[in-house]
Structures are given as structure tokens and as C-alpha cells.
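This is the structure I have questions about; it appears just below.
Derivation of every value follows stated rules applied to the coordinates shown; laboratory data play no part. Worth saying up front: this structure is predicted, and the values here are computed from it rather than measured. Note that each Cβ is placed from the backbone with ideal geometry, even for glycine, and that neighbours are counted across all protein chains shown.
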Amino acid sequence: MPSASTGDLRFAVIGAGMAGILSAVKLKEAGLNDFTVYEKAGRLGGTWRENTYPGLSCDVPSHLYCYSFALNPDWSHLYSPGDEIEAYFEGVAEDRGVLRHVRFGDEVVSCAFIDGRWHLTTDQGVHDVVDVVIAATGVLHHPKYPDIKGLDSFEGAMFHSARWDHDVAIDGARVGVIGTGSTAMQIVAATVDRTEKLSLFQRTAQWVMPAVNPAYTPEERSGFRQDRRLIEAVRDSVAQLFDHFSDGIINAGSPEMEMIETFCLDNLENSVTDAELRERLRPDYRAACKRLVVSTNFYEAIQRPNAELVTDPIEALEPGGVRTVDGRLHELDVLVLATGFKVDAFVRPMAVTGRHGADLGQVWADRPGAYLSISVPDFPNFFMLNGPNGPVGNFSLVEVAELQFGYIMQLVERLRAGESREISATQDAMERLEVARVEAAKNTIWSTGCRSWYLDDRGIPAVWPWPFSQFRREMAAPKWEAFDVRT
Ligand code: NAP
């Protein structure tokens, strides 16, 4: 039953992707029904709405990449495809009555903390005044376009991987893909057989962790339906694997890390038959330094007769295709820019003004930061899910968001109980944690010498550098001394 003071707290959730839907479900469960979810697009789904490229999938097993409170016995595969994942999130939102709280097509452009409450304005001119803001605005959201000479001169079809143009035919076309991240690898594997020719422009080779992706049989799915413990068992075993993985990557000298490297090396040695191609695919840095690519079929795809791995650097784009520095013109009909995302955008470009006019853009002028990725000093009652420096990369961001939401709810409980009116991390707590984080980051695999989106402007990994188990413990209960709690 809602407490007597429940009606006094109003919430705004910004973003109706995985984390926004989670927030809405959990607020409702807590009896906190006075909230609006602001979604700039016309549909739910966040990253799973934006990304529709062929081969889209999640390399976290589906039974883990879902809410713990909405297990899904019907996942088709160990790693289910993107449209299935999107349908899952939409289904949860519908089932849990989230939709009636969502304002679609309303982008929050500003949030200002005035007289103890947050004043929101959307691009549609809507104003709202709330007690608590939950920014569920995603991590890898704003596409990064490459800085390549002549980019606009290409006369074929060209689009970013997160803006796939389904009106463009790739069947029988000469297709180029720039980039070798997880996205590009999935696109290459899914499209090579449809194209006349597929050219993959590789600036940096990637280590590839081998995987298999079996479909769940009707019997297995029926078993999952009948006995939830079977799903829990799958989740537990995958979570254990991920814990080993996290123990490995945060300690570059660990035996777990050695195992990861061996898997990747064996995959390269055993899967690529042509010695010259193998060498061009061999990275010159350690596995998992960049975000590890997990693939069942990339090496197979790049060895197709109509596939070409282009390792000569790109000189420029021209009307007919991509010119590489060796002078060759790679003629193309379609060019896919799988060049990643602006990783430090977080809640931006929204203008957020905290206590005494503090401007989040200014506070984050050097780089984004937050206490435990959740709270920024002087931005009271403004909490982020999957905010800066969190456990990203090869983990289930669903699990991360659930743990963070549980933590935020403990902060909210104090507001709800009337024990305090404003809660934000202290500057001291944030700075101390940041010093420790930067120190710990030096031992991680991400610091062993490679270019990656994990690294901030100083070359320091902008991620959680401790075991995932430590993150779970940290999220279990707030350390109140780290918070500026005002009544
Ligand atoms: P990404 O990992 O940032 O990769 C971008 C690629 O574009 C890199 O290979 C980069 O080369 C290349 N690139 C960028 N600018 C270039 C330029 N000017 N010229 C040539 N190459 C250029 O992006 P992403 O593949 O979209 O993946 C981003 C993240 O999304 C992943 O790391 C992952 O966290 C997530 N993701 C997850 C899944 C999943 O299955 N869970 C699937 C897709 C994406 P360099 O390496 O040389 O910088």
C-alpha cells in the first residue's frame, strides 16, 4: 500500500528505453504512481528501437539480458536477435501498464532545480514540475560520424549503422562497411552473402571471442515455462561466467585474462585459413583491451570469396566509393558507417541546472562524472541509470540498471518518508571515489595500450574498474556519509 506521503512525490523519467521502462515498472510497484516518462521518439525501446541493422543481436545471453522480474521462457536463442529483444521490452511495458505514463514525441530540453523541485521543459513546450528526476537516457546513443575527407561527396547510399536505411537495397550491391566494432562484425556476418561484394574497412583489427548460438528447442522453452527455476539456473551460470570475465579484465595479469586471450588467439589461429589474411586480422594489442567482440561467424564471413578486408587506410570518400592511401578506389553502391557513438554525451544535450545555478554542462566540461554513476553533487534528487564510469562493456546493462535502481529507491525512500527533501552525493565522496577509480583503472586490461571508446580524454578507462561482485555489494545499500542530505 502506498504510504500517506506517496502522493507528494512526483517523478519524471527521461527516456523510455530499457532503463526507463524498468524505472516505470519499479515506481509503480512501489506505489509511486505520480510520474511521467518522457520519450523523444514515437516508440519505446531505446537502443533496440534505434538500431535495426541486419544481424543486430545482443552478445549477452538473452536470459541475462532481461529483467529479473520479467523472465522470458520464450527466448528463441542463447543470443536472441534485436527485434525479439525490442518486442520483449515493449511487451513488458504493455503488461505492466507503463504506456499510459509515457509522453511520446516529447524531448526534455531542460531541467532546472528551482526552490527544491525540478522544472522540466520539453521541445513541445510542455512544462512539468517534479521532485525527482530519473535520467534513463542511455549510454551509446548519439551516432559518431567519422571525420573522413569528402564524406558528403559519396553518391551512393550512406548511413550510420544506428540509422539503417531499409529502403536501400543491399542485395546484389557493392557494400562497404567502415569499422570493426561489435556492430560492424554483426553487419558483415549477416549481409555478406546478400551482397555482390562486401568491403570491410578496418582501421584496427579486433580480437574475436568465439561463441555458439543455439536455438532453444520447443521442449526447452516449454520446460522454462513450466519451471522458472530452469531459467534461474541459466541466469546463474551465465552470471558466474560474467563474474569470471569481470575478474579477468580488471586485472590484466590474472589467469582469467590469460584464458580470455587464449580463447581469442585460438579462434584466430583455427578459424582463418589464409596466413596473409590471418596476419591482417591479428590485433597488436591484448584481447579485451578494446570492447571484446563476441561472434559466432565473423571469421567465416570475412573469408567468403566476395568479402574483402581492406587494411590500407582510407584517404577520402569520392562520388564512386572509398579511396585508400594506396591509390585504389573501392567502388561502392552502399556505405555503412559502423563508427560508433559519442560516448560521453550521457544526458546531454539536455540542459541541466542544479542548485545555485550549477550547470551540468560546465560541471562536465572536462568529462562526465558522478558518484557511483548515479548522483552529481549539487544536483539533488537527480539520479542517473547507466551514468558515467559505470560497469559497461560485455555486461548486462539490464542487471546494472536494476541494481542502480534498487539503490536509487533507497535514496528515494528517505524523501518519501519525509526524512529529507534533497539528496545528492557530496563533492568529497565523489572525488575520493574518483581517485580510487582512476588508480584501479591502471591495472585493468583497458589500460594496456589500445585505442578504445572506454578511454576518456586522459586515456583513462571511463568504466567501473573493480569486480562486478563489488558493484553488486556497493549497490546493496547507500553509504549515507557520502550524501548531502538536506531536510
Ligand atoms: P565501436 O566499438 O566504437 O567501433 C567503431 C569502429 O569504427 C572502430 O572499429 C573504429 O576504428 C572505427 N572507426 C571510427 N572512426 C573511423 C574512421 N574515421 N576511419 C576508420 N574507422 C573508424 O562502435 P560499435 O561497433 O557501434 O560498438 C559500440 C558499442 O556498442 C560496443 O562496443 C558495444 O558496447 C555496443 N554494442 C553491443 C553489441 C552487443 O551485441 N551487445 C552489438 C553492437 C554494439 P578504431 O578501432 O581504429 O577506433
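Quick check: Cα centre of segment 63-79 to Cα centre of segment 155-204, how many Å?
29 Å
Which value in nm describes the separation of the simple spin-label points at Glu155 and Ala365, placed 7 Å from the Cα toward the beta carbon?
A separation of 4.7 nm, rounded to one decimal place.
Here is a further query. As an exercise, use a Förster radius of 22 Å and the Cβ-Cβ distance of Glu300 and Val325 to find the FRET efficiency, rounded to the nearest 0.05.
0.15
With axes computed from alpha carbons, what is the tilt in degrees of helix 228-249 against the longest principal axis of the chain, rounded to the nearest 10 within 0 to 90?
Taking the Cα atoms of the chain, the angle to 228-249 is about 70 degrees.
May I ask you to compute the full-extension gain from Thr52 to Lys479, defined as 0.36 nm times their residue separation minus their alpha-carbon distance, rounded to one decimal in nm?
Between Thr52 and Lys479, full extension yields an extra 149.6 nm.
Here's something else I'd like to know. Apply the Karplus parameterisation 6.51 cos²θ - 1.76 cosθ + 1.60, with θ equal to phi minus 60°, to every residue of segment 342-352 and state each ³J(HN,Hα) to the nearest whole Hz, in sequence, with x for glycine and proline.
Working through the residues one at a time gives 6, 7, 9, 6, 6, 6, 5, x, 4, 8, 10 Hz.
PRE reach from Arg458 (point 7 Å along Cα→Cβ): which of segment 361-402 fall under 14 Å by backbone N?
Output list for this probe position: 365-370, 389.
Further, regarding this structure: What do you get for the angle between helix 82-95 and the principal long axis of the chain? Use alpha-carbon atoms, 0 to 90 degrees, nearest ten.
Around 20 degrees separate the two axes.
Also, quick follow-up: So for the pair Thr204, His166, with labels modelled 7 Å out along Cα→Cβ, what separation do we get in nm?
So the label points at Thr204 and His166 sit 3.3 nm apart.
Right, something else. How far apart, in nanometres, would the label points at Arg100 and Glu308 be if each is projected 7 angstrom from Cα along the Cα-to-Cβ direction?
5.9 nm
Within segment 377-482, list the GluC sites (Glu not before Pro) lying in a DSSP loop whose Cβ has at most 12 other Cβ atoms in a 10 Å radius.
Glu419
Mind checking the full-extension length gain between Ser237 and Asp284? Use 0.36 nm per residue of separation minus the Cα-Cα distance, one decimal, nm.
13.7 nm
Once you mark the trypsin sites (Lys or Arg not before Pro) that are in a DSSP loop and have at most 15 other Cβ atoms within 10 Å, what is the longest gap between them in the chain?
The longest uninterrupted stretch comes out as 204-327.
Expressed as cubic angstrom per residue, what is the convex hull volume of the alpha carbon set of the chain?
Taking only Cα atoms, the chain has a hull volume of 154 Å³ per residue.
Further, regarding this structure: Would segment 3-112 count as rounded, prolate or oblate if I go by the C-alpha gyration tensor, calling it rounded below 1.5 in a/c and otherwise prolate when a/b exceeds b/c, oblate otherwise?
It is oblate, given that a/c is not under 1.5 and a/b is not larger than b/c.
Where does helix 397-416 land angle-wise versus the long Cα axis of the chain, in degrees 0 to 90, nearest 10?
10 degrees
Considering every Cα-Cα pair within segment 354-487, what fraction, in whole percent, is farther apart than 27 Å?
19 percent
Follow-up question, since we're still on this one. Determine the distance separating the Cα centre of segment 111-127 from the Cα centre of segment 343-404; give it in Å without decimals.
18 Å
Using 1/(1 + (r/R0)^6) with R0 = 30 angstrom and r between the beta carbons of Asp34 and Phe263, what's the FRET efficiency to the nearest 0.05?
0.05
Further, regarding this structure: PRE reach from Asp83 (point 7 Å along Cα→Cβ): which of segment 124-167 fall under 13 Å by backbone N?
Of the residues in segment 124-167, 166 have backbone N under 13 Å from the label point off Asp83.
Which length gain, in nm to one decimal place, applies between Glu196 and Glu256 when the Cα-Cα distance is subtracted from 0.36 nm times their residue separation?
Full extension of this stretch gives 17.5 nm more.
Which cysteines does the chain leave without a neighbouring Cys Cβ under 4.7 Å?
Cysteines lacking a close Cβ partner in the chain: Cys58, Cys66, Cys111, Cys264.
So how many Lys-Lys pairs in the chain land under 26 Å Cα to Cα, not counting same-chain pairs under 8 apart?
Lysine pairs meeting the criterion: 16.
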